[in-house]
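The values are calculated or read from the model by the stated rules, or taken from the named source; none is laboratory data. Nothing here was measured: the structure is a model prediction, and the numbers come from that model. Please note: Cβ atoms are built from the backbone with ideal geometry, for glycine as well, and neighbour counts cover all protein chains shown. Side chains included, ligands, DNA and RNA excluded: accessible areas come from the protein's heavy atoms. Shrake-Rupley method; radii C 1.70, N 1.55, O 1.52, S 1.80 Å.
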Amino acid sequence: MDVITAIRQRSSVRAYKSTDVEEDKLKKILEAARLSPSASNRQEWKFIIVKNKETRKKLAKAAFGQSFIAEAPIVIVACGTESKSVMACGQPAYTVDVSIACSFMILQAYELGLGTCWIGAFKEDETKKILNVPEHVRVVAMTPLGYPDEPPSGKSRKSLNQIVCYEKYE
Ligand SMILES: Cc1cc2nc3c(=O)[nH]c(=O)nc-3n(C[C@H](O)[C@H](O)[C@H](O)COP(=O)(O)O)c2cc1C
């Protein structure tokens with residue numbers, strides 16, 4: 001599968017089969033995160049792989065009861081381990097770095113036939129308590145990972161001319 005096909009066809013999955021994810025597939029997905037670019041190549045991130053069912057349920061609760069999160073056999077919780085680094089452009093490096101790694105994982109998962117759903121609606125404090133995440137570490141995102149139990153949803157996106165301009169901001 002080429003990259004644009006994965007980008008075109010992937011959609012968020014909100015229903016999962018209980019079928020386990022093969023270890024070699026999980027490793028490939030984590031390798032996609034490991035190889036992602038990061039500011040100054042600092043790689044200040046940690047990905048927590050949660051398989052325990054009770055913990056997954058707690059994470060779903062921390063995510064405002066989005067119960068499909070616990071349906072998947074794995075939840076990946078993506079953290080930035082150095083939240084103080086700010087790039088010269090003023091953006092915190094960790095949100096950008098961790099988000100790129102999550103995007104790469106999501107695309108790699110899709111190529112392997114696995115579903116994901118970026119989860120940004122969660123209580124960070126509660127999530128950190130559940131997973132023993134140290135105070136200085138930030139949780140940027142989580143995603144369930146498993147075999148989809150729903151058909152792919154269609155894409156609704158703005159057109160290119162709505163989001164692109166040339167030479168100057170318009
Ligand atoms: C930063 C971010 C946060 C998101 N948070 C949630 C979430 O908490 N729950 C959810 O069901 N989907 C969440 N999504 C998924 C978006 O709703 C979804 O990507 C968007 O509607 C486009 O649909 P698609 O992923 O199927 O192409 C999030 C996506 C992003 C990028």
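For residues that are within 26 Å of ASP20 (Cα to Cα) and more than 12 Å from the ligand (Cβ to nearest atom), scanning just segment 130-141, find the one that is most open to solvent (accessible area, probe 1.4 Å).
Within segment 130-141, the match that is most open to solvent (accessible area, probe 1.4 Å) is ASN132.
For segment 89-96, does any single residue satisfy the condition of being in contact (Cβ under 8 Å) with a residue 40 or more places away in the chain and of a type outside the set (A, V, I, L, M)?
yes
Just give me the residues in segment 51-103 being closer than 18 Å to LYS128 by Cα, more than 16 Å from the ligand (Cβ to nearest atom) and open to solvent by less than 50 Å² (accessible area, probe 1.4 Å), in sequence order.
THR55, ILE74, THR81, SER83
Please go through segment 142-162 and give me each residue that is hydroxyl-bearing (Ser, Thr, Tyr) and either within 11 Å of the ligand (Cβ to nearest atom) or surrounded by fewer than 10 Cβ atoms within 10 Å (Cβ to Cβ) (or both), ordered by number.
Within segment 142-162, THR143, SER153, SER156, SER159 meet the criteria.
Taking segment 114-139 as the search range and keeping residues that are free of Cβ contacts under 8 Å to residues at least 40 places away in the same chain and part of a loop (DSSP other than H, G, I, E, B), which one is nearest to the chain's Cα centre (by Cα)?
Residue satisfying both the conditions and the ranking: GLY120.
Mind checking which residues of segment 118-129 are in contact with a strand residue (DSSP E or B) (Cβ under 8 Å, 6 or more places away or on another chain) and either open to solvent by 70 Å² or more (accessible area, probe 1.4 Å) or not hydrophobic (A, V, I, L, M, F, W, C) (or both)?
Result: TRP118, GLY120, GLU124, THR127, LYS128.
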